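The values are calculated or read from the model by the stated rules, or taken from the named source; none is laboratory data. Just so we're clear, the structure is a prediction, and the values are computed from it rather than from any experiment. Reconstructed Cβ throughout: ideal geometry from the backbone, glycine too, with neighbour counts over all protein chains shown. What goes into the accessible areas is simple: the full protein's heavy atoms, side chains included, and nothing from ligands, DNA or RNA. Shrake-Rupley method; radii C 1.70, N 1.55, O 1.52, S 1.80 Å.
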Amino acid sequence: MGIIGSNKVQNIITNEIDTIRFYSAICNIGYLKKDHLLLGSRGSIILYDYEQNISKEIRLNNINAKVIALMVDSTSKLVYIATSEGLYFYDFQKSILVKKTNIIGNNIADFTLIKYPYKTILWYLSEKGLTGINVLNNIIEKHLSLNNFDNAIS
């Protein structure tokens with residue numbers, strides 16, 4: 001991995017980022033923390049300051065959870081973390097990492113946020129199907145099992 005600047009590539013060398021680990025997700029969090037990216041790995045996310053070339057590891061409570069995707073909600077200032085072992089969120093204002101429980105499915109493949117005037121729905125795909133959860137009250141708004149999709153693999 002390297003940074004491109006002034007027509008040359010500079011290697012990133014920090015305590016937490018190395019070339020042996022596999023980083024499966026990346027997210028720009030510049031409007032939460034200037035000059036920062038999040039990188040997803042197995043069992044953790046890496047907060048990387050690309051201007052200062054320093055990083056901080058934020059460990060998940062499961063070292064086997066592979067981060068699949070990362071997403072920032074600019075309104076709530078939460079970072080959502082889709083993993084092979086469930087859904088997490090990280091609150092930058094409080095520096096708190098929480099695993100969401102009482103959701104349908106564990107192996108989260110991808111997700112997106114849809115904002116309505118009075119609610120925000122986090123839609124995610126898992127081994128159980130497509131689920132929409134209201135992020136304000138944590139109530140499942142809609143769930144479609146895999147058998148509702150053509151060519152579904154169960």
- Low-density loop positions, GluC sites (Glu not before Pro), segment 51-154 - DSSP coil, at most 10 other Cβ in 10 Å: GLU51
- Query: Once the Cα gyration tensor of segment 40-154 is found, what semi-axes does its equivalent ellipsoid get, as square roots of 5 times the eigenvalues, in whole Å, sorted largest first?
  - Reply: 26, 18, 12
- Can you put ILE26, ILE81 in order of accessible area, largest first, using a 1.4 Å probe? ILE26, ILE81
- In the structure displayed, which of LYS77/LYS142; LYS56/LYS94; LYS77/LYS100 lie more than 21 Å apart, Cα to Cα? LYS77/LYS142
- Task: Report Rg (one decimal) and Dmax (nearest whole number) for segment 28-92, counting Cα atoms only, units Å.
- Result: 11.4, 32
- Restrict the search to segment 49-133; then list the trypsin sites (Lys or Arg not before Pro) that DSSP places in a loop and that have at most 14 other Cβ atoms within 10 Å of their Cβ. LYS94, LYS119
